[in-house]
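Shown next, in structure tokens, is the structure this report addresses.
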Amino acid sequence: FASGQKAIQQGWRTLVGKEIKNTLFDFDLKEGDTFVLESLERKRGQTKKPALFTEKTLVDMMMNISKVVDEMIAEETDPAKIESLKRDRKLLKDAEGIGTTRTREQIIADLVNEKLITDTKEGLVLSNAGKALFDVLPPRLKDPIMTATWEQDFERIRRGEKNADQTLEEIDKIVMEEMIQQIIDHVREEYVMS
């Protein structure tokens, strides 16, 4: 007895990187082999999109970002990638999420004031300007691991364990030499293709 499922269309899950993994089984069949299929059932359905973030749920997600990595670990099958994700989770837990208790709500308020997100009755949504900015930012800059690394560096500076000027110089180098170039390349590619 074996059963499996295959998602024909991933829908909204593609946009957020949470595609449903197929559970089809590989059989050791060779050309000419036969087998009996006792039943085949096709179900029609749609995934329900997740609720939008509110300010409260977004602040909670920023505080507990390591839970996202827990989900990634549960879905991963590659042992090396699992170990890497576990290190990332520890880093996020040690940094106590994205931002600080004092800054999280202000970050959201700033994004609303700059019209990058809109606060609707249903929740927070990216504006067109927010989507454009999100699309142009390099993946590494959007990665919570990068944020956690920087948060950890700033905490070490605060404790006197790391040199502030050297750390800021390292961050500046990453931003100016790597990320700005990626943004320019992305914009150039979009402009040329349009």
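Any idea which residue in region 70-79 is modelled with the highest pLDDT, counting only those that are open to solvent by 70 Å² or more (accessible area, probe 1.4 Å) and in a helix (DSSP H, G or I)?
Restricting to residues being open to solvent by 70 Å² or more (accessible area, probe 1.4 Å) and in a helix (DSSP H, G or I), the top hit is PRO79.
Across region 96-120, which residue is nearest to VAL59 (Cα to Cα) among those that are at pLDDT 90 or above, of a type in the set (A, V, I, L, M, F, W, C) and touching an Asp or Glu at 6+ places or on another chain (Cβ under 8 Å)?
Going through the qualifying residues, I end up with ILE108.
When region 31-69 is examined, which residues are found to be among the acidic types (Asp, Glu), surrounded by 14 or more Cβ atoms within 10 Å (Cβ to Cβ) and out of contact with any strand residue (DSSP E or B) (no Cβ under 9 Å at 6 or more places or on another chain)?
ASP60
Restricting to region 121-159, and then to whatever is surrounded by 14 or more Cβ atoms within 10 Å (Cβ to Cβ) and of a type in the set (Asp, Glu), can you tell me which residue is nearest to LEU58 (Cα to Cα)?
Per the criteria, the residue is GLU151.
What pairs come out if I take residues in region 101-113 that are without any contact (Cβ under 8 Å) to a residue 24 or more places away in the chain and pair them with residues that are among the hydroxyl-bearing types (Ser, Thr, Tyr) whose C-beta lies under 9 Å away, six or more apart or interchain?
Qualifying pairs under 9 Å: VAL112/THR118.
If I filter region 59-66 for residues that are of a type in the set (Gly, Ala, Ser) and over 15 Å from the mean Cα position of the chain (by Cα), do I get at least one hit?
Taking every residue of region 59-66 in turn, none turns out to be of a type in the set (Gly, Ala, Ser) and over 15 Å from the mean Cα position of the chain (by Cα).
The values are calculated or read from the model by the stated rules, or taken from the named source; none is laboratory data. The structure presented is a predicted model; accordingly, all values stated were derived computationally and were not measured. Cβ coordinates were reconstructed from backbone atoms using ideal geometry, including for glycine residues, and neighbour counts include every protein chain displayed. Ligands, DNA and RNA are excluded from the accessible area calculation, which covers all protein heavy atoms including side chains. Shrake-Rupley method; radii C 1.70, N 1.55, O 1.52, S 1.80 Å.
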